[in-house]
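Reviewing the structure listed below.
The values are calculated or read from the model by the stated rules, or taken from the named source; none is laboratory data. Owing to the predicted nature of the structure, the values given are computational and were not obtained by experimental measurement. Glycine also receives a Cβ, built like all others from the backbone with ideal geometry; neighbour counts cover every protein chain displayed. What goes into the accessible areas is simple: the full protein's heavy atoms, side chains included, and nothing from ligands, DNA or RNA. Shrake-Rupley method; radii C 1.70, N 1.55, O 1.52, S 1.80 Å.
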Amino acid sequence: MSAALARERFWLPTPGGSVAACLHLPGAVVRHEGIVICPSFGYEYTHAHRSLVHLADGLAAAGFPALRIDYPGTGDSEGDWSAPDLLERWVSAVAGAGDWLAALVGGGPPSLVGLRFGTLLGGLAAARTDVRHLVCWHPVRSGRRWVREHRVLQRVGNATDSEAAPEILEAGGFVLAKATMDALEAVDLVRSPLRLLGQALVLDRDDMTQEERLAEHLRAQGIPTRAAAVPGYVAMMAEPQYTVVPHEAVRTIVGFLDEVGSRESRPVEELRRETLGLGRTAEWVEHGVRIEEGMEDVPMRPDAHTPTLAAVLTRPSGDGGWAPDDDTVVVFANSGSVHHVGPNRLYVELARELAREAVSSLRIDLRNLGDSRAGPCLQENHPY
């Protein structure tokens with residue numbers, strides 16, 4: 001990451017709930033077009049985290065404000081897998097994040113980049129709200145097919161006896177409730193027209209049969225659509241300490257959006273002043289977000305002592321008297337190269353359980369891991 005680029009981390013209120021967000025900003029001028037990056041789910045969310053950070057930085061380097069989010073019940077966001085109407089909340093969160101970014105940047109609707117499951121959610125959001133451009137990266141088109149894949153993964157992993165626990169699906173350490181599965185099995189991107197104002201890019205894997213129906217569906221709606229196959233999916237989805245960023249795919253996505261995106265821009269400091277003046281990012285960064293009664297999450301901003309580190313403080317709230325010298329603080333450091341949410345989101349759940357017992361905790365990305373920046377002479381993503 002260039003020192004000129006910036007990352008602002010905060011919690012963003014959306015119609016689907018409060019979501020953890022990271023806004024990647026250019027160093028000098030910012031275009032009048034925001035990009036919302038929609039991650040995948042489950043083990044793909046964890047393994048592809050590093051690649052999406054690189055993508056967001058690449059978009060920021062091209063002048064775009066790029067917003068990464070965690071869906072409700074995932075990552076650092078509020079809630080968990082058992083929440084009702086979770087699919088609706090996920091889609092509403094994507095649409096709400098896009099609306100917020102469009103209002104922040106100006107210049108009209110945002111563009112969306114979806115990776116795997118993120119394409120499905122981004123496409124469902126684009127069926128209800130205007131989107132400028134859409135990038136479908138190794139897309140999941142059919143919810144039914146995606147659930148079927150995870151049923152197979154559950155049987156292979158043998159983590160949960162599906163006959164003994166028919167109300168859940170646990171695959172790769174991540175859980176879906178039956179109501180969420182039922183909702184997913186009813187959706188398919190080729191069943192709805194998308195409110196896409198510009199162009200689409202469908203990037204598929206180069207090592208298996210291509211997903212052609214989505215591109216055909218987009219073209220049938222009169223949407224100019226490019227399709228290509230790129231390498232790197234398997235290496236991107238390796239165990240987190242072994243992941244390889246698919247730079248060709250990242251360059252292709254950034255190049256596409258750079259070509260078709262808005263050419264209008266303004267100084268980024270102007271955007272920063274307006275953002276801070278409206279209390280948007282600054283307020284959320286300072287006060288965090290209420291996770292539930294008596295508990296809040298606070299993103300820790302880099303300072304002179306920790307210029308490269310990213311961390312989240314989960315603490316009891318309500319008495320107004322919390323001070324780090326007065327309380328015990330449990331620190332969760334990275335497990336290997338998994339970012340600060342922990343393996344299968346374990347650190348988030350542990351942190352919130354500790355807060356219920358009035359104990360504060362800090363989830364931290366060490367230098368060169370997760371959302372933290374690499375320091376001098378440190379190899380990125382090297383856990384030791």
Checking the structure you have, find out if any residue of region 3-17 is surrounded by fewer than 20 Cβ atoms within 10 Å (Cβ to Cβ), within 24 Å of Val348 (Cβ to Cβ) and touching a Ser or Thr at 6+ places or on another chain (Cβ under 8 Å). yes
Within the group Glu286, Glu269, which residue is at pLDDT 65 or above and open to solvent by 20 Å² or more (accessible area, probe 1.4 Å)? Glu269
Pairs with Cβ under 6 Å, 6+ apart, first in region 201-217 and surrounded by 21 or more Cβ atoms within 10 Å (Cβ to Cβ), second at pLDDT below 90: Asp204/Gln210; Asp204/Glu211
Among Leu184, Leu257, Leu197, Leu153, which is open to solvent by 20 Å² or more (accessible area, probe 1.4 Å), in contact (Cβ under 8 Å) with a residue 60 or more places away in the chain and not acidic (Asp, Glu)? Leu197
Report whether or not Asp80 is at pLDDT below 95 and acidic (Asp, Glu). yes
I'd like the full set of residues that are open to solvent by 70 Å² or more (accessible area, probe 1.4 Å) and in a helix (DSSP H, G or I), limited to region 345-357. Leu346, Glu349, Leu350, Glu353, Arg356
Scanning region 187-203 residue by residue, those small (Gly, Ala, Ser) and within 17 Å of Val113 (Cβ to Cβ) turn out to be Gly198, Ala200
Unique match (being assigned to a loop (DSSP other than H, G, I, E, B) and open to solvent by 10 Å² or more (accessible area, probe 1.4 Å)) among Gly75, Gly58, Gly107: Gly107
Out of Ser111, Ser92, which single residue is touching a His at 6+ places or on another chain (Cβ under 7 Å) and modelled with pLDDT of 95 or more? Ser111
Boolean, Gly123 is modelled with pLDDT of 90 or more, assigned to a strand (DSSP E or B) and touching a Cys at 6+ places or on another chain (Cβ under 8 Å): no
Given the criterion open to solvent by 10 Å² or more (accessible area, probe 1.4 Å), hydrophobic (A, V, I, L, M, F, W, C) and under 22 Å from Ile223 (Cα atoms), identify the matching residue among Ala125, Ala95, Ala83. Ala95
